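K.L.:
Mind looking over this structure? Questions follow.
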Ligand code: GLY
Ligand code: MN
Ligand code: MN
């Protein structure tokens, strides 16, 4: 067995154990998960790029729609593989992939035959979007409680899943290095984007999310989608781009200041590298992720004061909400099959909500940090006119250096994002070995 096959078998063994527990806890005896059907755009004959049901991808890396996975207590997992004859789309033979020995595999030539092959399954649940067929088969459709249990287990990554994320990181790191060079050579957003894609060796639909490639003020638009071709020799590049391997994502952001960038902004970029690394260092089991987010605000407020942007210390700045317009998003999120992976706001396996505190409404995970979790740490510091505007008039306006803020606004923003695996005693940074510090 290859090393990956061994890791995969252990991953499946753990899925068997946790799924059996989830089924027992929710009074089901079997579970059918389909890879799903394609989404066709409204009033069109074009399909969106296919994304398998995440719960299916958690079990099986086979590509394509309509496969069924059948999971019964005490039985080996069954994969009913949809393998039609087709001249519109390529239907590659399965071959002998490293994961195949974990399943009893049957091949069927049509969707009807896939569902017929299921047979009778008493007390069975279904997860996926082929709900008409599942209802006709008498399955309980996407039960909320069972899904919550399965989502909860997805936040603890197996060594196989970590290996997938690390492989994705190697690919993304090649893209980031090349993108940095393209930026420093004066490239446009479009050229930097193409450079990333080419170096990573990916096509667009293989990316885990649309890359954010912002020069200058566009770096302050958190989900900027443009790829301008007509702006060159930027002062600042903010690039948030990843890669995926067997559906597992890397999610990495780097901010680069060119030599001609405003010197205070250059200092802020260096300061944010230190802030990000200090936050990563604090990660360990038992810490509430929300407390880490709070620490992030304190460190960013401290940096803002040190650079003469805020005229208040970190505690006063937090109490008055002065760091929030500069850092308006959550510090990070779980990472896995979904880039914003599931169950970050779940308080327990049964799906009890754990909403973010009112002062940090954008926090995506309120969980206590535990060994085996993988999440991002991505502090940001932006000059966003819309968020700063109210402070120009309110009772705190004297605590901001507006002249300096106006000078720095054309530089946009800074975000530095790494992916961390929580270990028994601390954390392992999955990103830095591939993408060390720029500054
Ligand atoms: N790339 C999206 C995010 O960082 O959350
Ligand atoms: Mn992220
Ligand atoms: Mn990101």
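Only the coordinates and a few stated rules stand behind these numbers; no lab work does. Please read all numbers here as calculations on a predicted model, not as lab measurements. In this analysis, Cβ positions are derived from the backbone assuming ideal geometry, glycine residues included, and neighbour counts consider all displayed protein chains.
K.L.:
Residue 233 to residue 46: extension gain in nm, 0.36 nm per residue of separation minus the Cα-Cα distance?
P.N.:
Numbers: separation 187, 0.36 × 187 = 67.32 nm, distance 3.79 nm.
Difference between extended and current length: 63.5 nm.
K.L.:
Here's another thing I want to ask about it. Sequence gap at least 6, Cα distance under 8 Å: using those rules, report the relative contact order of the chain to the nearest whole percent.
P.N.:
On the way: 864 pairs, mean separation 66.0, N = 439.
Relative contact order comes out at 15 percent.
K.L.:
Find how many whole Å separate the alpha carbon centroid of region 268-316 from the alpha carbon centroid of region 191-242.
P.N.:
Region 191-242 and region 268-316 have Cα centres separated by 26 Å.
K.L.:
For region 49-175, which semi-axes, largest first and in whole Å, follow from the square roots of 5 times the eigenvalues of its Cα gyration tensor?
P.N.:
25, 21, 14
K.L.:
Hey, what's the Cα Rg ratio for the chain versus the globular rule of thumb, 2.2 N^0.38 Å?
P.N.:
Working: Rg = 23.7 Å, N = 439, 2.2 N^0.38 = 22.2 Å.
So the chain has a normalised radius of gyration of 1.07.
K.L.:
If you scale each eigenvalue of the Cα gyration tensor by 5 and take the root, what three semi-axes come out for region 111-203, rounded to whole angstrom and sorted largest first? Mind showing how you got there, number by number?
P.N.:
Values: eigenvalues 392, 61, 30 Å².
For region 111-203, the ellipsoid semi-axes come out as 44, 17, 12 Å.
K.L.:
Another question about this same structure. Given the peptides 126-133, 310-317, arrange them by the average over their residues of other C-beta atoms within 10 Å, most packed first.
P.N.:
Working: 126-133: 19.2, 310-317: 17.6.
Highest mean packing first, the order is 126-133, 310-317.
K.L.:
Next up: In whole angstrom, how far apart do the alpha carbon centroids of region 341-371 and region 64-97 sit?
P.N.:
Result: 34 Å between the Cα centres.
K.L.:
So how far, in whole Å, is the C-alpha centre of region 320-339 from the one of region 103-150?
P.N.:
So the two Cα centres are separated by 37 Å.
K.L.:
Multiply the residue separation of residue 112 and residue 368 by 0.36 nm, subtract the distance between their alpha-carbon atoms, and state the gained length in nm to one decimal. Spell out each step's value before the answer.
P.N.:
Working: separation 256, 0.36 × 256 = 92.16 nm, distance 4.44 nm.
Contour length minus the Cα-Cα distance gives 87.7 nm.
K.L.:
Using the scaling law 2.2 N^0.38 Å as the reference, what is the normalised Cα Rg of region 174-244?
P.N.:
On the way: Rg = 10.9 Å, N = 71, 2.2 N^0.38 = 11.1 Å.
Cα Rg divided by the expected 2.2 N^0.38 Å: 0.98.
K.L.:
Give me the Debye-computed log₁₀ of I(q)/I(0) at q = 0.12 Å⁻¹ for region 241-337, equal point scatterers on Cα only, no solvent, two decimals.
P.N.:
With no solvent term, the Cα-only Debye profile gives -0.48.
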